[in-house]
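Shown next, in C-alpha cells, is the structure this report addresses.
We did not get these values from a lab; they are worked out from the coordinates using the rules stated. Bear in mind that the values here come from a model prediction, so they are computed numbers and not experimental data. Every residue, glycine as well, gets a Cβ built from its backbone with ideal geometry; the counts of neighbours run over all protein chains shown.
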Amino acid sequence: MRPASAAPAAPGVYPRVEPPHIVHASAAMDAVLTLALRAAATDAKVLITGESGVGKDLVARFIHAHSDRANRPYVAINCAGLAESLLESELFGHSKGSFTDAHRDQAGKLQLADGGTLFLDELGEMSLRMQALLLRFLENGEIQPVGSEQNVIRVDVRVLGATNRNPAELVAAGRFREDLLYRLRVLHIQIPPLRERPEDIGALVEHLAGPGLRGATFTPGAVRALQRYRWPGNIRELQNVVEQCLALSSGQTVDVGDLPDFVRPGTAGVSALPERRRQVADELYDALTSGQCSFWEHVYPLFIGRDLTRHDLRSLVRKGLAATHGHYQAVVRTFGMPDSDYKRFMNFLASHDCTVDFRLYRYGTPQVAREPRFVLPLSQADEPGSKA
Ligand SMILES: Nc1ncnc2c1ncn2[C@@H]1O[C@H](COP(=O)(O)OP(=O)(O)OP(=O)(O)O)[C@@H](O)[C@H]1O
Ligand SMILES: [Mg+2]
C-alpha cells in the first residue's frame, strides 16, 4: 500500500524488468536462487554478500524482476563512487540553491525509486554520517531533500544492499553501524565464490563462448583446467579469460594449451566431490539423451540400489532443466521417456526429495508463480500447464 502522502517523482507503469539469465549448474547456486525467489515474494530488505565478481548485481536484479515491483523502477546507486555530500544529494535529492551547483530542485534516487526497488551497492563504503541518514529513512520511510527543512516526502521503496566485505568485520572495526546492519540484513544472501562451485564453470564457459560469430567450444580438458584455478575475480575474471581465449584461438576449439599461463598450472583448492558429481551427472545425461540407457531400466535401479546418491540425481535433473529452460515435460522427453511417464517421474523425484525448482531455469519468462508464496519443496503441481 502506498502512503497517501507519497509524491512519486516517476509515476506510471515501467517496462517490466526481465529476470537476468543467471547461468548455473551447482547446488550452491540453486540454493542462492531459491532464497532469492523467496526474497522476491516479500518486501523484506536483503543484504547480498560475496566476493567481487560473483554476481551480486545480477542477484539484486533477479530479486526485483521476480517481485511484485517488477514494473516499477529499479534504481541502483554505488555508494563507493561518490563523495559523501554528493551521495546524500543523490539519495535524498536537493532543493534549488542548497549548494553552489544546485540550480533547481532535484529528486533523489529514493524518490525516483518510489514504488520500486533501490539497490545500494558497495554499502560497506558508506560513511558513518550517511549510515545514520539511511537508518533514519529505513525507520520512518521519510526523505528530506538537502537544503529543504520543511519538505518531507514519504516514499515506498524496497531496499536491497550489497557488499564484498565481511559486514561483521566492518562492525567490529567500527566502520559500519550494527543497528543499520540488522535493519538491512532481514534476509542475507551469500553468493559463494566461483572456486567453491566448479560445477558452474562448464555452463558459464558454454554461455560466454557460445553466442556471436566467434562462438567456440572449450574441450573437456580445458574446462577441467579452468575448474582447478582459484578465480579471485570470479565470473568477471572468467569472462575476461574466455574472451582472451576466443580472441587468440585460431580454430573453433579451445584446448588446455590455448588457456592463459596463469590459469593452466593451477591446482589449488577444488574439492573432488563436486567434480565427481558433475562427471556422474554428465555421463548419465549423455547416456540418456543419446538413447544408450533408459531412465527406468538403468538410472532408477542405480538410485534404488544406492549406487547413485540424491545429489547425483538432483545434478542430473538440473542438467535436464538447464537444457529445457525449466520444463519438466521436456526433461521427460529428453531423458528418453514417453510423455505418459511424466507423473511417474515427478512422483519418483518428489518421494525421494530430488525435485529441483524449475523456476530457477526459466530465464526470459515473465513471471514466477505468486500463489502460494512459499512453495518449496516443489511438487509436480508446480509446473504450469501440466496435467499432473
Ligand atoms: N551466474 C552468472 N551467469 C551469467 N553471468 C554472470 C553470472 N554471475 C555473474 N555474471 C556476470 O559477471 C559479471 C560480474 O557480475 P556482477 O557485476 O553481478 O558481480 P558483483 O558481485 O556485483 O561484483 P562487484 O562486487 O565487483 O560489484 C557481470 O557481467 C555479470 O553479468
Ligand atoms: Mg556489483
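A straight chain from Asp339 to Arg175 at 0.36 nm per residue would run longer than the Cα-Cα distance by 53.2 nm.
Cβ crowding within 10 Å, taken as a proxy for footprinting-reagent exposure, orders Cys293, Cys245 from fewest neighbours to most as Cys293, Cys245. In this simple spin-label model, placing a label point 7 Å from the Cα along the Cα-to-Cβ direction at both Asn240 and Thr289 gives a separation of 3.2 nm.
The Cα-based radius of gyration and maximum Cα-Cα distance (Dmax) for region 195-258 are 10.7, 31 Å.
Divided by 2.2 N^0.38 Å, where N counts the residues, the Cα radius of gyration of region 27-190 comes to 1.03.
Label sites at Tyr14 and Glu196, each approximated as a point 7 angstrom past Cα along Cα to Cβ, lie 3.1 nm apart. FRET efficiency for the Glu84 to Arg104 pair, using the beta carbon distance and R₀ = 25 Å, is estimated at 0.65.
Compared with the direct C-alpha span, the chain from Leu138 to Asp57 gains 27.0 nm at full extension, assuming 0.36 nm per residue. Counting 0.36 nm for each residue step from Gln252 to His207 and taking away their Cα separation leaves a gain of 14.7 nm.
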